[in-house]
1. Can you find, among A:13, A:37, A:103, the residue sitting farthest towards the positive end of the charge dipole of chain A, where Lys and Arg contribute +1 and Asp and Glu -1 at Cβ?
2. How far is the Cα center of the stretch B:36-79 from the Cα center of the stretch A:53-70, in Å?
3. Residue-wise, which Karplus ³J(HN,Hα) couplings in Hz belong to the stretch A:42-50, taking 6.51 cos²θ - 1.76 cosθ + 1.60, θ = phi - 60°, and x for glycine or proline?
4. Other chains' Cβ within 10 Å of A:101-107 residues: what's the mean?
5. So how do B:50, B:36, A:33, A:89 line up by other beta-carbon neighbours within 10 Å, fewest first?
6. Hey, what D do you get for chain B in µm²/s if you plug the Kirkwood alpha-carbon radius into Stokes-Einstein at 25 °C and 0.890 mPa s?
7. In sequence order, what are the phi-derived ³J(HN,Hα) couplings for the stretch B:39-51 according to the Karplus relation 6.51 cos²θ - 1.76 cosθ + 1.60 with θ = phi - 60°, rounded to whole Hz, with x for glycine and proline?
8. Find the cysteines in chain A that fail to meet the 4.7 Å Cβ criterion with every other cysteine, and list them.
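Just so it is clear, none of the values below were taken in a lab; they were calculated from the coordinates. Since this is a predicted model, take the numbers as computed values, not measurements. Here the Cβ positions follow ideal geometry from the backbone for every residue, glycine too, while neighbour counts run over all protein chains shown.
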Amino acid sequence: DTEVTQTPKHLVMGMTNKKSLKCEQHMGHRAMYWYKQKAKKPPELMFVYSYEKLSINESVPSRFSPECPNSSLLNLHLHALQPEDSALYLCASSQGVSLNTEAFFGQGTRLTVV
Amino acid sequence: AQSVSQHNHHVILSEAASLELGCNYSYGGTVNLFWYVQYPGQHLQLLLKYFSGDPLVKGIKGFEAEFIKSKFSFNLRKPSVQWSDTAEYFCAVNVGAAGNKLTFGGGTRVLVKP
């Protein structure tokens with residue numbers, strides 16, 4: 001199994017809503033990531049979890065709150081988002097956080113904030 | 001901080017033509033280099049990677065890339081493209097200094113005409 005599964009595939013939410021994005025992998029990877037990809041732009045790193053602990057936060061606004069309940073799951077809790085937060089949110093995982101490992105990406109959740 | 005530059009934003013070519021996409025990065029230390037492809041509506045897929053060793057790397061679907069350390073380059077090539085190679089191609093670098101943190105180039109949209 002070399003898949004990273006993200007749910008939902010599409011999400012439309014209002015600016016006052018609270019929602020969560022979910023990511024799951026069963027490859028035994030100990031590092032998981034959230035990336036944000038705006039239209040016609042490259043993915044940009046948001047968060048890195050290593051061994052279920054947050055190791056990198058790329059100065060992401062607090063309206064995005066990541067959570068890693070266990071080594072297979074990664075959530076991104078969303079609250080009071082803005083329309084400019086509309087984007088494709090990609091989850092990825094890798095064996096570790098050192099060099100010489102590759103990241104596997106999920107299909108993403110396409111988020112629209114209205 | 002490291003940066004990644006992709007020379008072409010858009011490339012249009014006919015089937016059976018040869019493809020070369022340029023990628024340059026700015027970082028003087030040890031790097032991992034990747035090319036990812038994103039087909040329309042699909043997730044990022046790894047085409048090939050360079051960690052160490054032979055600088056000529058072969059990937060999936062007939063793609064190859066050459067790491068030229070002196071030029072800080074990692075150009076992607078395919079001798080004969082097919083219509084199904086229509087996609088967006090991203091070069092990415094991991095310097096490992098702060099976790100497995102991929103920095104992506106701006107992407108190149110490739111359109112192969114049948």
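1. The residue sitting most towards the positive pole is A:13.
2. What the calculation gives is 30 Å, centre to centre.
3. Calculated HN-Hα couplings, in order: x, x, 10, 5, 10, 9, 10, 10, 10 Hz.
4. Averaged over the peptide's residues, the number is 6.
5. Details: B:50 19, B:36 26, A:33 29, A:89 23.
Exposure proxy ranking, most exposed first: B:50, A:89, B:36, A:33.
6. Translational D for this selection: 173 µm²/s.
7. 6, x, x, 10, 7, 5, 10, 6, 8, 6, 8, 10, 10
8. Lone cysteines by the Cβ rule: A:68.
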